[in-house]
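**Q** The structure under discussion is supplied below as structure tokens; questions concerning it will follow.
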Amino acid sequence: QTVYILNGPNLNLLGTREPATYGTDTLASIEALCRATAAELNIDVEFRQTNHEGEMIDWIQEARHHAQALVINPAAWTHTSVAIRDAVTAIALPLYEVHITNVHKREPFRHHSYLSDVAQGVICGYGLRGYRYALIEAARQHG
Ligand code: DQA
């Protein structure tokens, strides 16, 4: 099976972006962990990042032809985007929502997600390991 792992805006800056909040792991190290986890689980992953909302929506739509599950860290779009929510509900693939930080102990505007109530599950606060946990769940439930 194939899982699309899609990352939203500013996650390309991980490693140097607010390290006190996000730590020093880079997006490349998250990708490496995802690839290692995928090899263990015997699944394929497509790993991408974009700063453009329309591109994210195109990728979600594309996933319906190629993937059995989605792992998305929507970053700031979590809290703003009805369009990304609509893309997820339009393609009937299970969504695993991942956040590096525990958004619930941050600013109030991060407490609401447009995606959580349409997600299979939400993992936040475990740094890059959240991606690994999401892949394990995706493989277990849809393998
Ligand atoms: C984030 C949390 C969001 O609130 C924030 O806008 C991000 C990253 C996280 O992974 O912790 O960019 O999704």
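**Q** So which residues in region 2-47 are modelled with pLDDT under 95, closer than 18 Å to Tyr126 by Cβ and polar (S, T, N, Q)?
**A** Thr21, Thr24
**Q** Of the residues that make up region 48-64, is at least one in contact with a His (Cβ under 7 Å, 6 or more places away or on another chain) and farther than 20 Å from Thr21 by Cβ?
**A** Residues of region 48-64 that are in contact with a His (Cβ under 7 Å, 6 or more places away or on another chain), as a first pass: none.
No: zero hits.
**Q** Still on this structure, please answer the following. Can you tell me which condition Leu135 does not meet? The list is (1) part of a helix (DSSP H, G or I); (2) touching a residue at least 40 places away in the same chain (Cβ under 8 Å); (3) in contact with a Phe, Trp or Tyr (Cβ under 7 Å, 6 or more places away or on another chain), and all the others hold.
**A** (3)
**Q** Still on this structure, I have one more. Looking at this structure, is Arg64 within 15 Å of Val3 (Cβ to Cβ) and in contact (Cβ under 8 Å) with a residue 24 or more places away in the chain? Talk me through it step by step, then tell me what you get.
**A** Numbers: within 15 Å of Val3 (Cβ to Cβ): yes; in contact (Cβ under 8 Å) with a residue 24 or more places away in the chain: yes.
For Arg64, the condition - within 15 Å of Val3 (Cβ to Cβ) and in contact (Cβ under 8 Å) with a residue 24 or more places away in the chain - is met.
**Q** Looking at (1) exposed (fewer than 13 other Cβ atoms within 10 Å of the Cβ); (2) touching a residue at least 12 places away in the same chain (Cβ under 8 Å); (3) within 10 Å of the ligand (Cβ to nearest atom), which is the only condition Val82 fails?
**A** Single failed check for Val82: (3).
**Q** Pick out the one residue from Trp77, Trp59 that is more than 9 Å from the ligand (Cβ to nearest atom), assigned to a helix (DSSP H, G or I), aromatic (Phe, Trp, Tyr) and touching a residue at least 40 places away in the same chain (Cβ under 8 Å).
**A** Every option except Trp59 fails the conditions.
**Q** Mind checking which pairs have a first residue in region 1-23 that is charged (D, E, K, R) and a second that is outside any strand (DSSP E or B) and at pLDDT 95 or above, Cβ under 9 Å, 6 or more apart or different chains?
**A** Once the first residue is charged (D, E, K, R) and sits in region 1-23, its partners that are outside any strand (DSSP E or B) and at pLDDT 95 or above give Arg17/Asn10; Arg17/Leu11.
**Q** Any idea which of Ala39, Ala69 is under 16 Å from Leu6 (Cβ atoms) and away from the ligand (no atom under 16 Å from the Cβ)? Reasoning before the result, please.
**A** Numbers: Ala39 fails: under 16 Å from Leu6 (Cβ atoms).
Result of the check over Ala39, Ala69: Ala69.
**Q** Can you find even one residue in region 103-120 that is away from the ligand (no atom under 13 Å from the Cβ) and in a helix (DSSP H, G or I)?
**A** There is at least one residue in region 103-120 that is away from the ligand (no atom under 13 Å from the Cβ) and in a helix (DSSP H, G or I).
Rundown of residues vs (1) hydroxyl-bearing (Ser, Thr, Tyr); (2) under 17 Å from Pro74 (Cβ atoms); (3) within 15 Å of the chain's Cα centre (by Cα); (4) surrounded by 18 or more Cβ atoms within 10 Å (Cβ to Cβ), yes/no style:
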{"position": "Ala20", "(1), (2), (3), (4)": "no, no, no, no"}
{"position": "Thr24", "(1), (2), (3), (4)": "yes, no, no, no"}
{"position": "Ser29", "(1), (2), (3), (4)": "yes, no, yes, no"}
{"position": "Arg35", "(1), (2), (3), (4)": "no, no, yes, no"}
{"position": "Glu40", "(1), (2), (3), (4)": "no, no, no, no"}
{"position": "Val45", "(1), (2), (3), (4)": "no, no, yes, yes"}
{"position": "Asn51", "(1), (2), (3), (4)": "no, yes, yes, no"}
{"position": "Glu55", "(1), (2), (3), (4)": "no, yes, yes, no"}
{"position": "Ala63", "(1), (2), (3), (4)": "no, yes, yes, yes"}
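**Q** While we're looking at this one, here's another question. Which numbered condition in (1) closer than 26 Å to Thr21 by Cα; (2) modelled with pLDDT under 95 is the only one that Tyr114 fails?
**A** It is condition (2) that Tyr114 fails.
**Q** Can you find, within region 94-124, the residue that is nearest to Asn73 (Cα to Cα) among those that are β-branched (Val, Ile, Thr) and surrounded by 15 or more Cβ atoms within 10 Å (Cβ to Cβ)? Show your work before the answer.
**A** We begin by selecting, within region 94-124, every residue β-branched (Val, Ile, Thr); these are 98, 100-101, 103, 118, 122-123.
Then keep just the ones that are surrounded by 15 or more Cβ atoms within 10 Å (Cβ to Cβ); that gives 98, 100-101, 103, 122-123.
Working: Val98: 5, Ile100: 8, Thr101: 11, Val103: 12, Val122: 10, Ile123: 10 Å.
Among those that are β-branched (Val, Ile, Thr) and surrounded by 15 or more Cβ atoms within 10 Å (Cβ to Cβ), it is Val98.
The values are calculated or read from the model by the stated rules, or taken from the named source; none is laboratory data. Computed from a prediction, not measured in an experiment: that's the story for all the values here. Glycine gets a Cβ as well: all are built from the backbone with ideal geometry, and neighbour counts include every protein chain shown.
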